[in-house]
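Written below as structure tokens is the structure these notes are about.
The values are calculated or read from the model by the stated rules, or taken from the named source; none is laboratory data. Note that the coordinates shown come from a computational prediction; the quantities given were computed from them, not determined experimentally. Neighbour counts are summed over all protein chains in view; Cβ atoms, including those assigned to glycine, are modelled from backbone coordinates with ideal geometry. For the accessible areas, the whole protein counts, side chains as well, though only heavy atoms, and no ligand, DNA or RNA atoms are used. Shrake-Rupley method; radii C 1.70, N 1.55, O 1.52, S 1.80 Å.
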Amino acid sequence: MAGTRTMGTTLTMKKAGSETADTVIAHLTSIGEVNGEREEIDVTTLDSPNGAKEFISGVVDFGSFDIAGNVVDGVQVSTLYDVFNGQQNRDFVIETPSGTKLSLNGYFSAFGFGEKTTDGLDTFKATVRVSGAPTYTPAGVTTNP
């Protein structure tokens with residue numbers, strides 16, 4: 001097999017506080033890349049071999065990822081906008097149709113309502129800033145809820 005399709009991938013915002021259910025963010029048109037980048041720590045000394053810089057691995061930053069979607073359910077978009085305004089860190093799960101999961105914590109660092117045009121769709125965009133390290137679970141591996 002050459003790969004797996006991503007059509008049908010879901011992004012779920014886990015319930016918090018008084019919420020009674022998780023929010024599966026519906027009508028998404030894209031979920032951006034989640035990438036980690038490790039900082040470097042310069043450990044060069046005056047007697048480093050051959051006068052060359054030396055480094056060790058530092059902390060990792062998983063950055064941010066963008067989501068975009070169509071406004072079909074204004075209540076859902078309102079909920080997401082309220083979370084953005086509430087400045088709350090939340091747990092999220094990205095799950096592909098094959099069952100692969102990426103669980104992470106983060107907050108909406110940006111939220112926007114799409115351009116309105118004569119032949120366009122009503123859309124929204126948001127950016128999730130990742131806090132900490134995501135957990136990757138391959139398809140077929142069960143985890144505790």
For this session: Take every Cα-Cα distance within the range 103-145, group them into 5 Å bins from 0 onward, and report for each bin the whole-number percent of pairs it holds.
Result: 6, 16, 15, 14, 13, 13, 11, 7, 5, 1
Problem set entry | Gaussian network model of the chain, Cα within-10 Å springs - most flexible of E33, E115, E54 | E54
For this session: Starting from the Cα-Cα distance between V75 and K125, subtract it from 0.36 nm times their residue separation and give me the gain in nm to one decimal.
Result: 16.5 nm
For this session: Extending each Cα 7 Å along its Cβ direction at V24 and V59, get the distance between those two points in nm, one decimal.
Result: 3.6 nm
For this session: State whether the range 1-82 is rounded, prolate or oblate according to the following rule on the C-alpha gyration tensor (a ≥ b ≥ c being the square roots of its eigenvalues): a/c under 1.5 gives rounded; otherwise a/b larger than b/c gives prolate, and the remaining case gives oblate.
Result: prolate
For this session: Starting from the Cα of K116, draw a straight line to each of the lysines and keep only those under 22 Å, dropping any in the same chain fewer than 8 residues away.
Result: K125
Exercise. Using the Cβ atoms and a cut-off under 14 Å, what net charge is assigned to the surroundings of S109, where Lys and Arg are +1 and Asp and Glu are -1?
Worked result: +1
Problem set entry | Under 12 Å from K14, Cα to Cα: aspartates and glutamates that are on another chain or at least 8 residues apart | D22, D91
Exercise. Between the range 102-145 and the range 41-64, what is the C-alpha centre distance in whole Å?
Worked result: 33 Å
Exercise. Which value, in debye to the nearest 20, describes the size of the charge dipole of the chain about its Cα centre when Lys and Arg Cβ atoms bear +1, Asp and Glu Cβ atoms bear -1, and nothing else is charged?
Worked result: 400 debye
Exercise. Where does the chain land at 222 nm, in deg cm²/dmol rounded to the nearest 500, when only DSSP H runs of n ≥ 4 count, each adding -39500 (n - 2.57), divided by all residues?
Worked result: -3000 deg cm²/dmol
Exercise. Using a 1.4 Å probe, what is the accessible area per residue for the range 41-144, in Å²?
Worked result: 61 Å²
Problem set entry | Choice from D22, D66, D47 with maximal GNM fluctuation in the chain (Cα, 10 Å cutoff) | D47
For this session: Please work out whether the range 1-41 counts as rounded, prolate or oblate from its C-alpha gyration tensor, where a ≥ b ≥ c are the square roots of the eigenvalues and a/c under 1.5 means rounded, while otherwise a/b larger than b/c means prolate and anything else oblate?
Result: oblate
Exercise. Once both axes come from the Cα atoms, what is the angle between helix 74-86 and the longest principal axis of the chain, in degrees from 0 to 90, rounded to 10?
Worked result: 40 degrees
Problem set entry | Reach of K15 by Cα under 17 Å, taken over lysines that are not fewer than 8 positions away in the same chain | none
For this session: Based on alpha-carbon positions alone, could you give the equivalent ellipsoid semi-axes of the chain from the gyration tensor, as √(5λ), descending, whole Å?
Result: 35, 20, 17
